[in-house]
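Asks: Have a look at the structure that comes next, please.
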Amino acid sequence: MKTIADLGDLRGRRVLVRSDLNVPLDDAGAITDDGRVRASVPTLQELSSQGARVIVCAHLGRPKGKPDQKYSLQPVATRLAELLGQPVAFATDTVGESARAAVGALEDGQVLLLENLRFNAGETAPTAEERREFAEQLAGLADAFVSDGFGVVHREQASVFDIARLLPAAAGGLVRTEVEVMKRLTEDPARPYAVVLGGAKVSDKLGVIDNLLAKADRLLIGGGMVFTFLRAQGHEVGRSLLEEDQVEAVRGYLRTAEETGVEIVLPTDIVAATEFSAEADHDVVPADEIPPDRLGLDIGPDSARLFAEKLADARTVFWNGPMGAFEMEPYAAGTRAVARALVDITAAHDALTVVGGGDSAAAVRQFGHSDDEFGHISTGGGASLEFLEGATLPGLEVLED
């Protein structure tokens, strides 16, 4: 992939940067986790310091191809200015009159953020013709393109894929770092290599499980997806989240793991509640004895200790997905234990510990951990998983053309 250095002298040139600024907002529109904004800063600073006229574009949420104020990037522009230590102009559209005027007013080293790309239907349009039309409008604002939103490189979208075919294009520092880390997870990783998977659905991670069964030494399974594994072993799971149509696939993974010597670690106990609520009655029960009227919302304390033990000697760890409904304190202990275990082995062994996925990243920050306590916190949940599956990512492939 070409780098920013390959674009030559950028002073006075308009550089369109595709960042990933898809941050969570509360009901008042305030950013609750600015990790992705902070991750975008080094590339923007690099371009600004070179005298480029920096035009940042990104999406937020799923506004369905038309303006929706609750998905405005205005709060992100404010936070970005604070982190950059300089003003960030804001265009109230993406390729319209406001954007053209704001781009025209840029001076060397200045930064502009365009409004949410997904306010335009062309950004995620199903046909190449519609996407290209929007990409051509974006390209008309700039002289060069820098792809720095790793969280979207698995999408064939106008601002990710089509734009790179219209302008001189390069990978930004964040994308290059993410790719280097992902390669360390897939090409001769330091061992033991442990993978921790959580989150709601097995179906979201079928590909990564399939691929990592040939690469990892241990797979630790938690979160809502664990109940499909428990059912595959013949256990009842009460009212817990269950993908019945994936049970047979999971049985196949369990057989493959046994045949190849890969250890699959499942919880021995579960925090089971009467309702999906922090106020609901809840108890710790054996993983194979979940009452029929309860649903599992976290791994139990014995499981948390077991998972920590299974991670203690690891030299490479990839973690994607919380162990339970961590946003509610009664069901946060399992996720907290995994985060603590990764911090410990990072400090003790200089292990490569990679936290992938928005929920996992949000959890570690919610628990008070700083990003530098881990080897790497990825900005791309879906992109990370698809990379580990061995899939072709359009936003990376187009940079290699």
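No value in this document is a laboratory result; all are computed from the given coordinates. Note that the coordinates shown come from a computational prediction; the quantities given were computed from them, not determined experimentally. Methodologically, a virtual Cβ is constructed for each residue, glycine included, from the backbone with ideal geometry; neighbour enumeration extends over all protein chains shown.
Asks: Hey, what do the phi angles of region 88-100 turn into as Karplus ³J(HN,Hα) couplings, whole Hz, using 6.51/-1.76/1.60 and θ = phi - 60°, x for Gly and Pro?
Replies: For region 88-100, the Karplus-derived couplings read 10, 5, 10, 9, 7, 9, 9, 10, x, 4, 5, 5, 5 Hz, x marking Gly and Pro.
Asks: Under the rule of at least 5 residues apart or a separate chain, name every residue whose amide H is placed under 5 Å from the amide H of Asp269.
Replies: Here the answer is Ala287, Gly300, Ser303, since their amide H atoms fall under 5 Å of that of Asp269.
Asks: Rounded if a/c is under 1.5, else prolate if a/b is larger than b/c, else oblate: which is region 253-401, with a ≥ b ≥ c the root eigenvalues of its Cα gyration tensor?
Replies: Taking the square roots of the gyration eigenvalues as a ≥ b ≥ c, region 253-401 is prolate.
Asks: Once you list every other residue whose beta carbon is under 9 Å from the beta carbon of Arg315, what net charge do they have if Lys and Arg are +1 and Asp and Glu are -1?
Replies: -1
Asks: Name all residues of region 25-65 having a backbone nitrogen under 20 Å from the label point set 7 Å from the Cα of Ala105 along its Cα→Cβ direction, giving them as ranges.
Replies: The answer is 48, 52-58, whose backbone nitrogens lie closer than 20 Å to the label point.
Asks: Name the shape class, rounded, prolate or oblate, that the alpha-carbon gyration tensor gives for region 310-380, where a ≥ b ≥ c are the square roots of its eigenvalues, rounded holds for a/c under 1.5, and otherwise prolate holds if a/b is larger than b/c and oblate otherwise. Mind dumping the intermediate values first?
Replies: Numbers: a/c = 1.83, a/b = 1.46, b/c = 1.25.
Prolate.
Asks: May I ask for the distance between the Cα centers of region 154-216 and region 18-48, given as a whole number of Å?
Replies: 20
Asks: Say we join alpha carbon atoms closer than 10 Å with springs in a Gaussian network model of the chain; which of Ser19, Ser360, Ser98 then has the biggest fluctuation?
Replies: Ser98
Asks: Show which aspartates and glutamates lie in cross-link reach of Lys70 when reach means a straight Cα distance below 16 angstrom and same-chain residues fewer than eight apart are skipped.
Replies: Filter leaves Asp26, Asp27, Asp93, Glu115.
Asks: Something else: Quick one: 3J(HN,Hα) in Hz for region 195-200, Karplus 6.51/-1.76/1.60 with θ = phi - 60°, rounded, Gly and Pro as x.
Replies: Coupling constants for region 195-200: 10, 10, 10, x, x, 7 Hz.
Asks: What are the residues whose amide H is under 5 Å from the amide H of Val196, where those residues sit 5 or more places off or on another chain and H is modelled from the backbone?
Replies: Distant-sequence amide H within range of Val196: Leu220, Phe318, Trp319, Asn320.
Asks: Something else about it: Could you go through region 360-369 in sequence order and give the Karplus-derived ³J(HN,Hα) for each residue, using 6.51 cos²θ - 1.76 cosθ + 1.60 with θ = phi - 60°, rounded to whole Hz, and x for Gly and Pro?
Replies: 5, 5, 5, 5, 5, 6, 4, 7, x, 7
Asks: Also: Give me Ile299, Ile377, Ile264 sorted ascending by neighbouring Cβ count inside 10 Å, so fewest comes first.
Replies: Ile264, Ile377, Ile299
Asks: If you don't mind, another one. Given the pairs Lys2/Lys66; Lys201/Lys310; Lys64/Lys201; Lys205/Lys310, which are separated by over 31 angstrom at their Cα positions?
Replies: Those over the limit are Lys2/Lys66.
Asks: List every residue whose amide H lies under 5 Å from the amide H of Gly12, counting only residues 5 or more places away in sequence or on a different chain, with H placed 1.01 Å from N in the peptide plane.
Replies: Ala52, Arg53, Gly109
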